[in-house]
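A.B. asks: Here you go, one structure.
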Amino acid sequence: MKDFSEILKNELPILTRFENSRIYIKDISDIRKKEIKVEEISIIVSSLRLDNIVSDLARTSRSKAVQIINQERVFINGQNETKISKQLKLNDIITIRGKGRFIIKEFIGTTRSGRTVVKIEKYV
């Protein structure tokens, strides 16, 4: 059987939609991969509740963060989350529509006042 790319190259020009188009075959390894750029940030939070983390990531107050969550603009690991008291864990992916996507990478430690220092990666 012929190589699939050769079959496509021979058969596509026959179709009326592609008859005036030039068709090139490229090796898949020649296609450039999109680079994922991340920026590391550290935040200090009093607890790992969703509303607390969202308020720091969105750089807004907790009451505004609750509004963002209630508007169903926050996703945890791809699932819409509306429970403001949900505890977040290591490697959770937080997506805030209009603000970006973040990954909880590491819990660095605690401050003297008992607040938690969290290392976050933000997709740029």
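Only the coordinates and a few stated rules stand behind these numbers; no lab work does. None of the values given here were measured: they were computed from a predicted structure. Reconstructed Cβ throughout: ideal geometry from the backbone, glycine too, with neighbour counts over all protein chains shown.
A.B. asks: Residue by residue through the range 82-92, which ³J(HN,Hα) values in whole Hz follow from phi under the Karplus form 6.51 cos²θ - 1.76 cosθ + 1.60 (θ = phi - 60°), with glycine and proline marked x?
C.D. replies: Residue by residue, the range 82-92 yields 10, 8, 6, 8, 4, 7, 8, 10, 4, 6, 6 Hz.
A.B. asks: Residues of the range 84-106 with amide nitrogen under 16 Å from the 7 Å Cα-to-Cβ point of F75?
C.D. replies: The answer is 92-104.
A.B. asks: Rounded to the nearest 0.05, what FRET efficiency is calculated for T82 and R62 with R0 set to 25 Å and r the Cβ-Cβ distance? Walk me through the intermediate numbers first.
C.D. replies: On the way: r = 15 Å, r/R0 = 0.62.
Using R0 = 25 Å, I get an efficiency of 0.95.
A.B. asks: For Cα pairs less than 8 Å apart in space and 6+ apart in sequence, what is the mean separation divided by the residue count of the chain, i.e. the relative contact order in percent? Before the final figure, lay out the partial values.
C.D. replies: Working: 181 pairs, mean separation 30.3, N = 124.
The normalised contact order for the chain reaches 24 percent.
A.B. asks: Something else about it: Would you please state which residues of the range 76-111 a label at K119 would reach in this model, taking the label point 7 Å out along Cα→Cβ and a backbone N cut-off of under 14 Å?
C.D. replies: 90-91, 103-110
A.B. asks: Of I94, I76, I14, which is the most mobile in a GNM of the chain whose springs link Cα atoms less than 10 angstrom apart?
C.D. replies: Taking springs between Cα atoms under 10 Å, the residue moving most is I14.
A.B. asks: Between the alpha-carbon centers of the range 25-61 and the range 86-124, tell me the distance in whole angstrom.
C.D. replies: Cα centroid to Cα centroid, the span is 9 Å.
A.B. asks: Which ³J(HN,Hα) values, rounded to whole Hz and listed in residue order, are derived for the range 33-40 from phi using the Karplus coefficients 6.51, -1.76 and 1.60 in 6.51 cos²θ - 1.76 cosθ + 1.60 with θ = phi - 60°, glycine and proline given as x?
C.D. replies: 7, 6, 7, 9, 9, 10, 10, 8
A.B. asks: Hey, can you grab everything whose amide H is under 5 Å from the amide H of E106? Only 5+ residues off in sequence or another chain; H modelled, so Pro and N-termini drop out.
C.D. replies: K119
A.B. asks: May I pose another question? With each pseudo-label sitting 7 Å past Cα toward Cβ, what's the I14-K37 distance in nm, one decimal?
C.D. replies: Calculated label separation equals 4.7 nm.
A.B. asks: Could you estimate the translational diffusion coefficient of the chain from the Stokes-Einstein equation, with Rh from the Kirkwood formula over C-alpha pairs, at 10 °C and 1.306 mPa s, in whole µm²/s? Don't skip to the end; give the middle numbers.
C.D. replies: Working: Rh = 17.8 Å.
Taking Rh from Cα pairs, D becomes 89 µm²/s.
A.B. asks: Of K99/K122; K34/K119; K37/K89; K83/K119; K64/K99, which pairs sit farther than 18 Å apart, going by alpha carbon to alpha carbon? Working shown, then result.
C.D. replies: Working: K99/K122 10 Å; K34/K119 24 Å; K37/K89 22 Å; K83/K119 23 Å; K64/K99 13 Å.
Violating the 18 Å Cα-Cα cut-off are K34/K119; K37/K89; K83/K119.
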